1. Could you tell me the distance between the Cα centroids of segment 369-414 and segment 235-281, to the nearest Å?
2. Helix 226-238: angle to the longest alpha-carbon principal axis of the chain, degrees 0 to 90, nearest 10?
3. What percent do you get for the relative contact order of segment 226-429 when only Cα pairs under 8 Å and 6+ apart count?
4. Counting only GluC sites (Glu not before Pro) that are in a DSSP loop and have at most 13 other C-beta atoms within 10 Å, tell me the longest site-free stretch of the chain.
5. DSSP loop trypsin sites (Lys or Arg not before Pro) in segment 288-350 with at most 11 other Cβ atoms within 10 Å of their Cβ, which ones?
6. Residue farthest toward the positive end of the dipole of the chain, with Cβ of Lys/Arg at +1 and Asp/Glu at -1: which of V295, G413, L170?
7. In the chain, what percentage of the DSSP-assigned beta bridges are antiparallel, given to the nearest 5?
8. In debye, nearest 20: dipole of the chain around its Cα centre with unit charges on the Cβ of K, R (+) and D, E (-)?
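Laboratory data are not the source of any read-out in this text; all were calculated from the coordinates shown. Small disclaimer: the values here were computed from a predicted structure and weren't measured. Glycine also receives a Cβ, built like all others from the backbone with ideal geometry; neighbour counts cover every protein chain displayed.
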Amino acid sequence: MTAPLRTTLHAVLAHPDGQRVAAVGGALPCAVVTENTFVGCGLTDAFPALAPWLAPLRRLGFVRLPTDPDGTLVRESVWQLDPVTDVSGVEWVTPGALPEREQAWAEVALAPIPDLRPDFARPGWAAGALAWLDGELREQGLTRAGWPEPLKHWGISALWRVPLGERDPLYLKAVPTFFAREVPVTCLLSREIPGAAPPVLAADTGRNLLLLAHAGEVPGEAEDGTTLAAHLAWVQRASLPLLPELRALGLPDHGPEWVASLLPELLRDEHLMVGEEEGLTPDEAASLRALEPRVREACARLAASPLPRVAGHGDLHRWNAVQGGEGHWTLLDWSDASVTHPFLDADPAYLAPEGAGTDTLEAVETAYLSAWTDLLPLPELRALLGEARLVGEVYRALGYTHAINLHLEDRAGWRAAHIEHLRGLLLRAAEPALPLS
């Protein structure tokens, strides 16, 4: 059972003059909502007296407060919001006219916009995105049945659910420039491989926008992951003829050779964050560095294996897949797409339900590996996948340290995102290794 949640939400709305913000009763507009709001949910209709819909721009603050005696989780968040209609019931004030604790939030919202800030976190973007969305819907004989519902709004994407009344919703996704390849890659995979990506209704490579059809729901715990594993293998093999076109779109090679080349950098103090609150302990760091030769050997064995390079996802887990009618799977979110060894995306622990037992994990593994038995006997494939599970954690960690974190305006919130994968490497290294032949 999910605990109840109460969030005090403060809104910062900047005036077009860039000098003032909206205030109600001398303070920033404030509302209490039952959403977490950390990634932008529950914001747009929180202030109906001000405007019917307010688009999220960026989170300026978020605090987890002590839980109430009745078990209610308590949060406080601050969001800069962007009106797409006229705002009513406010006075426009300079930051100095606000209560002291709110002045800094207003000053941050009014500060000059740095180059690294994505378009979807800039004032005016939402109005343009709505106009593009409505134009594309009109061309297809569709009409919105209400305001979009932001599902995620953070440094790496903005995702809106678009209501269509009795029909399934659509989804508008915007990505930053450093993920621009996701737009043409999604279009190609969706067109050529059923279930590799959601159906694309419209795309704009200049704006980095995708309009996607509803493809299903995130699986529940009852779905053991075996059919997802089989689907992944099928998509990977189906991607082989597309590799020249994918490479032409700019997909990098993030195979085991790439992982091995960056391993020394990943093991530097700055990435291990030893002694920091979210970092590794000294013992964990020492254990991780001691694994470097083993990981290098695993990379070499994967590189020498007869498995072909395929379209790589980079962040595949069961929450990046949905299941539609008749159990058909669709993969989501090709932001980290590359060309890679297929097994680096195929760790059964990411495809099975969280906390799945040994029997379930083995069933997921078998379902996946059965698609590759024309290349190696099943026992050898199992041993090779064990090697890939080690390398795969480094592969996923590098997606943060050597990709996402290089391009974000606010790196603090992502600085430790790779640590869970480094700890995952330690866990996988402690498991018994299978013989390779």
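1. Cα centres, segment 369-414 to segment 235-281: 7 Å.
2. So the inclination is approximately 80 degrees.
3. Working: 262 pairs, mean separation 59.0, N = 204.
The value is 29 percent.
4. Details: sites that count: E166, E221, E276, E277, E278, E354.
Here the longest segment lacking exposed loop sites spans 1-165.
5. On the way: sites: R289, R294, R296, R301, R309, R318; in loops: R309.
Those that pass, being in a loop and sparsely packed, number zero.
6. The residue sitting farthest along the positive end of the dipole is L170.
7. Values: 46 of 55 bridges.
Counting DSSP beta bridges with both partners in the chain, the antiparallel share is about 85 percent.
8. Values: 34 positive and 58 negative charges, 132 e Å.
Taking the Cα centre of the chain as origin, the dipole is about 640 debye.
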